[in-house]
Each structure stands twice: as C-alpha cells, then as structure tokens.
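Right, one structure below, let's go through it.
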Amino acid sequence: MNRLYTLFITVCVLWTTTVSAVDKGAPPVPATAKCAVCGMFVAKYPEWVSSTRFKDGSLSYYDGPKDMFSHYFDTARYTPGKRQADMVTLTVKDYYTLAPLDARTAFYVTGSDISGPMGQELVPFRGEKDARAFKADHKGKRIVRFNEITLQSITALK
Amino acid sequence: MIRTGERQRNILEFALSSLHRRRGRNLSLLAMYVLIIFVLASLLFFVSALKREAALVLHDAPDLIVQRMIAGRQELIPVEYGAEIASIRGVAEVRSRLWGYYFDSWNGANYTVIAHNSPTGTEGGAAIGSGVARSRKVKVGEMFPLRTPGTEPLLLEVKTIFPDSSDLRAADLIIISTADFSRLFNFPVGKVTDLAVTVTNVRELPTVAAKIASLHPDSRPILKSEIQRTYQSIFDWRGGMTLLILLSAVLSFIIFAWDRATGLSAEERKEIGILKSIGWETSDVLLLKFWEGCAISLPAFLLGVILAYGHVFFLSAPLFSQALKGWSILYPRFQLVPVVDISQLLVLFFLTVIPYTTATIIPSWRTATIDPDAAMRS
C-alpha cells in the first residue's frame, strides 16, 4: 500500500494533477443528458453546460447559455405545459473559473472570438472586471446583463 | 443450395489435397507469409501499446509548462514569475517544480532527480526507481551516496523503491526533499526549474500562454497539446524507425506476392489443363485457386498475429525494443499492456490476405481461359 501511495505522490509531483473546479457544488451532469433545445449531448462540453430547474424539481440542460435563453424566452415550445415563470433557477458557468453561477446576476460578453458548441455564444462571467478583461482579450463587442437579453438578440447569434 | 455447398466442399477438399501434394513448397510459402505478418503485426501492437503508455503518462501532465530561455538555452526561472503568472485571469494554480538530471559517473547512468517534500520523502531519505536500485545495488533501508559540487557527498537512505510496474515512468527516478535537492546541486535560492500552470478553462490556454510570453519575453510557455503532438508523432507511422521497418516489410510482401502473381509453374499449368479437359469449368478452377489461396493466407495471418501478440505482450518485443525504446543506461523492465486495435488489424488483413488471394487467382484465370490442350502442352 505504501508503495502505491508513493507512486501516486510521484505521479502528482511529476505531472501536478489539479482537480479542476468543474461542477463544484452542482450535481454532475449525467452522461446521457441532452440539450433541451438542440438535442446534443451536453456532458461533452463541460465548460459550457448550463441548466434550469423548474418548480416541479425537473432539470433541463443546455450546451451553452444561448440555448438556455432560447428555452427561457420560448418555454412552452421546448417543454410543453411549462411556463417561463416555472423556471426557478437558471445556472451558467463562469468562463474563467467554470464555477456555477446564477444566470440572472452574470455579465455576458457577446461577439467574442470564443465560440461554443452551437456557434456564437454569450460568454458568462461572475464579475464585471472579468467580463471587461475577456472583452479586451477576445475582441468582444458588448457586455450585457440578464434583463438586457431579448429573444431577438438570441436569434441574431449564429 | 445443398448442391452448391457440396460443390464448394468438394473443391475445397481437392484444393487441400493438392496443397498437400506439394507439401514442401507450400510449407515454405506459409513460413514466409507468417514471418511477414508477424513483423507487421508486431510493429502494429508495439507502436499502439507505446502510444497508449505515452498517453497515460501525459494524461495528468500540467496544461502549461513555463520555462525560461537565455541565449536559446533553458535557464532556471525566478520564483517571482510564478506569482505574476498566477494573477493572470483564468489561471487556477501555479506550481514551482524542482527537478534535474544527475549523471552517475560510477556506472554511466543518468538519473532524474525530483524534489518533493512528501510524507515518505523526509530529509536524508529518498524514494528511488527500480532501475536506480538495480544499478546502485541498494535495498530499502540502505544508504547510498551522491556526489555534490562541494566536498561532502550527499548520503541518502532508501525509503521506498517503486515497483517494476511503474518502470516505464519511474525506472531512473530519485525523489528527495527540497533541502537535499539544494545541497545536491548547489541550487540557487529563489529559482526553480520550471513552472507548472493549471488553467481551469482549456479554451483560455492559448490566451494565457500568449499573456505569459508578453509578460516575460524570456519565458517559453509549452502547451500540453504540443507535448502530446510531439509524442504522438514520435510513435506515429511517420516516426522514422517505425516507417523503415514497415516499409521493408511491405516491400518484401509485394515482392512475395509479385512472385506468385507473375506466373504459374509448368506443373500447375498442366494441372489446370487436365482439369479443364476432364470437364471442369473456368469458374471451378478459379474457385479451386481461391480456396488454395485462403488455405495458405488465413492460417498464415492468424498464426502471424498470434505470434506477434506473444512477442510484444509476453516477451516485451525483444526484436524492436533496443531500437525503439530510448533510455541511456537504465533500461526499464516493463510489460506492455495489451492493446489491440481492431481497425489496424483489419487494415493489415486487407493489405495482405486480399492482395495475396487475388495474386494467386489472376494467373490461374489467364491459364484457365486458354485452350486446355495448349495449357497442357506449354
């Protein structure tokens, strides 16, 4: 056992494993979960996974904030019988730390050179400073808040 | 349906007995065929097993390594660089790494020395790879000296010896405490060998690397993906040694198949002539030749692949290992983990069995279509 432990340490020293902050605090995304809007498997894109929780406890996953907003603005189309008001929590991931983040408080950068699995994305950040730094680094166009986002601005993204 | 089956069975039986009649010739053919398949399949198995080992080693590698370059040579990097890099957005962690190589003049081996303060690696103690233990002839609990730039050698007690199973990675490894590391190499204070940077979001890696390069123009950020690419191409088909062996094996196969394809012996032509004259159709003759080809190439393929499997995974590929494994003095003793890539085997099958069978059918077809009388007389 001791040997195994030492070997483990060695590998750590040699190649410095660090547990990434993916899914910290949030339940892990099931491997079979599909995006509620586009139908793609979301577990393949851990850095983009977004989710909403409905009043009845059910969860919907998305492979990027863009699809989450599509669902938010047109809830009945993707989940018949449910309304926008039934969405209790909306979660996105901070681009830099990949920590889950309340979508309503996030800062989003549009028009950057970073694209998600479904093309152009709204890249979410916890803080405005991070969003500004990202906008400068990645040729972003605008920083928007949750309530500034409309269905038109979502459909305009390619 | 039953008649077709019977016809196939009869022709197969005839094919086998005609192979049996020319036993010597066909056995040498089989041996040659097995040898070529063996070399090709061994190479396939060996390369894919090595690639897998490399991928395993690199799986836990840091996303980004930062080195410092002066006049095109790697230099020690100041610890302060680490703090500055840690403040870049997206960087989760920066770790300073202390490691180096120790040349053992006593036996000409090179050891990899890593500094780490682990529970087992206290000052004066060392964890060593089995290659080091073999070459220094030490056991757990014994002491061994290493030369230092000063007058006093560094005496280390062996606390752990890594098991043979980790040999590919750890054969030449010595892990000692940071204080011992500084004494062993007279290492300057405030400097480290390199920095391992972890970035949470892999998409941000190129940006972080570019920022590090502009922050410290004397630094060289190396991405994990670049290291992986280098390793893959070393072991890849393009990798010089592999390509050479593969090329020579394929060439010899082409010569072998060509020899078969360019013509039949007078005896074989005569046989085809007789078969035609006693009422065999051209399609029967072709079927006969097809079964003959299969009876040689299928067993040869299977035998060659099985022998190659044993050669690579039970005997650790003694034919190639000297050429393809690089290590200076401490050769790692390791058992490769069996990996069989079905698609590669299929490629091998289609590159050998199919061309061979075709090569045996075509000249027979040419003979079978001419007049039986002419075929018997020629």
Legend entry - Number of positions in segment B:149-169 that are surrounded by 15 or more Cβ atoms within 10 Å (Cβ to Cβ), away from chain A (no Cβ under 13 Å) and in a loop (DSSP other than H, G, I, E, B): 0
Inset, instruction - Could you grab the pairs with beta carbons closer than 6 Å, sequence gap of 6+ or different chains, first residue in segment B:125-144 and away from every other protein chain (no Cβ under 14 Å), second one outside any strand (DSSP E or B) and surrounded by fewer than 18 Cβ atoms within 10 Å (Cβ to Cβ)? - result: B:Ser135/B:Asn107
Legend entry - Filtered residue count, segment A:118-141, keeping only those that are at pLDDT 90 or above and in a loop (DSSP other than H, G, I, E, B): 8
Inset, instruction - With respect to A:Thr89, determine if the residue is away from chain B (no Cβ under 13 Å), closer than 17 Å to A:Val29 by Cα and β-branched (Val, Ile, Thr). - result: yes
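Does B:Thr112 satisfy being facing chain A (nearest Cβ under 10 Å), crowded, with 21+ Cβ neighbours inside 10 Å and of a type in the set (Val, Ile, Thr)? Can you show your working first?
Details: facing chain A (nearest Cβ under 10 Å): yes; crowded, with 21+ Cβ neighbours inside 10 Å: no; of a type in the set (Val, Ile, Thr): yes.
For B:Thr112, the condition - facing chain A (nearest Cβ under 10 Å), crowded, with 21+ Cβ neighbours inside 10 Å and of a type in the set (Val, Ile, Thr) - is not met.
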Inset, instruction - Test A:Arg53 against the criterion of being more than 25 Å from A:Glu128 (Cα to Cα), modelled with pLDDT of 90 or more and touching a His at 6+ places or on another chain (Cβ under 9 Å), and give yes or no. - result: no
Inset, instruction - Take segment B:59-76 and flag every residue that is within 11 Å of another protein chain (Cβ to nearest Cβ), crowded, with 16+ Cβ neighbours inside 10 Å and either in contact with a Phe, Trp or Tyr (Cβ under 9 Å, 6 or more places away or on another chain) or charged (D, E, K, R) (or both). - result: B:Ala61, B:Pro62, B:Asp63
Inset, instruction - Taking B:Ser214 as the residue in question, decide whether it is away from every other protein chain (no Cβ under 12 Å), surrounded by fewer than 17 Cβ atoms within 10 Å (Cβ to Cβ) and closer than 30 Å to B:Ile88 by Cα. - result: no
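Within segment B:83-91, is even one residue in a strand (DSSP E or B), more than 14 Å from chain A (Cβ to nearest Cβ) and of a type in the set (Asp, Glu)? Lay out the reasoning, then the answer.
Going residue by residue through segment B:83-91, those that are in a strand (DSSP E or B) are B:91.
From what is left, the residues that are more than 14 Å from chain A (Cβ to nearest Cβ) are none.
Looking through segment B:83-91, none of the residues is in a strand (DSSP E or B), more than 14 Å from chain A (Cβ to nearest Cβ) and of a type in the set (Asp, Glu).
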Inset, instruction - Specify the residue that is surrounded by the most Cβ atoms within 10 Å (Cβ to Cβ); the eligible residues are those in segment B:332-357 that are of a type in the set (S, T, N, Q) and modelled with pLDDT of 80 or more. - result: B:Thr352
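The values are calculated or read from the model by the stated rules, or taken from the named source; none is laboratory data. No experiment lies behind these values; they were computed from the predicted model shown. For neighbour counting, all protein chains shown are included, and Cβ atoms are generated from backbone atoms with ideal geometry for every residue, glycine included.
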